[in-house]
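Please read the structure below before turning to the comments.
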Amino acid sequence: MFERFNTPEEIFTYKLGSALSMERQLVDLLDRLEKCTLREEIRHPLAVHREETLQHVANIEHCFKLLDEPVDDSPCGVIEALANESKTMIKKSDDSLPDVLILAVASEAEHYEIAVYETLIANADARRGATAVAKLLRENLAQDKHALTIARTLMKTILEQGIAVDASA
Ligand SMILES: [Fe+2]
Ligand SMILES: [Fe+2]
């Protein structure tokens, strides 16, 4: 954790550490969403993306190794806030309605991840000797973009079919 930033490289390291916290928090969030959903067609893609997210964590840890820097533990307040908001909203909502909230938080999280990776990749591309780092970050970005496409498609489907599910069935 930095007290003060003195170089652009330190800012990059901070943002990379924050992305690592983001992915670690998302493993837990996806696990919780997977347990809350009422639809199998939502549970499966959440489980698949949780596995991918574990790989995203490993890829970022590998980036620190490639940069020959200690793993930074900068926090990620955005995913923490999203996770807290979704927990409160799911608790408050009728038992038949969690899926629309689950897909909303999944989609919002992927949008944030995409923005984080686009910035990190632009920085890595401009940094000498960081080609392998940029490649790993691009792998994460591609899977997060795909997860967003799936969340969008599922949202469209349940909005067309009817959001509520008989939770007592
Ligand atoms: Fe990710
Ligand atoms: Fe993701």
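The values are calculated or read from the model by the stated rules, or taken from the named source; none is laboratory data. This is a predicted model, so every value here is computed, not measured. Glycine gets a Cβ as well: all are built from the backbone with ideal geometry, and neighbour counts include every protein chain shown. Just so you know, the surface numbers come from the protein's heavy atoms only, side chains and all, with ligands and any DNA or RNA stripped out. Shrake-Rupley method; radii C 1.70, N 1.55, O 1.52, S 1.80 Å.
Contact map, segment 1-29: first residue within 30 Å of ALA47 (Cβ to Cβ) and among the acidic types (Asp, Glu), second residue at pLDDT below 95 and not in a helix (DSSP H, G or I), Cβ cut-off under 9 Å, separation 6 or more or different chains; pairs are GLU23/CYS76.
Go through segment 89-105 and count every residue that is open to solvent by less than 70 Å² (accessible area, probe 1.4 Å) and under 19 Å from LEU29 (Cα atoms).
Step one: list which residues in segment 89-105 are open to solvent by less than 70 Å² (accessible area, probe 1.4 Å), which gives 90, 93, 96-105.
Still in the running and under 19 Å from LEU29 (Cα atoms): 90, 93, 97-105.
Qualifying residue count, segment 89-105: 11.
With respect to (1) without any contact (Cβ under 8 Å) to a residue 24 or more places away in the chain; (2) part of a loop (DSSP other than H, G, I, E, B), the lone exception for VAL48 is condition (2).
Among the residues of segment 111-139, the ones that are free of Cβ contacts under 8 Å to residues at least 24 places away in the same chain, assigned to a helix (DSSP H, G or I) and not hydroxyl-bearing (Ser, Thr, Tyr) come to 9 in all. Taking the criterion of being closer than 20 Å to LEU148 by Cβ and without any contact (Cβ under 8 Å) to a residue 24 or more places away in the chain, would at least one residue in segment 58-71 satisfy it? No - not one qualifying residue is present in segment 58-71. In this structure, is ILE11 among the aliphatic types (A, V, I, L, M), part of a helix (DSSP H, G or I) and within 14 Å of ligand 1 (Cβ to nearest atom)? Answer is no for this residue. Does GLU108 satisfy the criteria of being among the acidic types (Asp, Glu) and either surrounded by fewer than 17 Cβ atoms within 10 Å (Cβ to Cβ) or without any contact (Cβ under 8 Å) to a residue 40 or more places away in the chain (or both)? In short, yes. Please specify each residue of segment 20-47 satisfying the condition of being aliphatic (A, V, I, L, M) and within 11 Å of ligand 2 (Cβ to nearest atom). Across segment 20-47, the qualifying residues are MET22, LEU26, VAL27, LEU29, LEU30, LEU46.
Just so you know, in segment 120-161 the residues that are surrounded by fewer than 14 Cβ atoms within 10 Å (Cβ to Cβ) and among the β-branched types (Val, Ile, Thr) include one that is nearest to LEU97 (Cα to Cα), and it is THR157.
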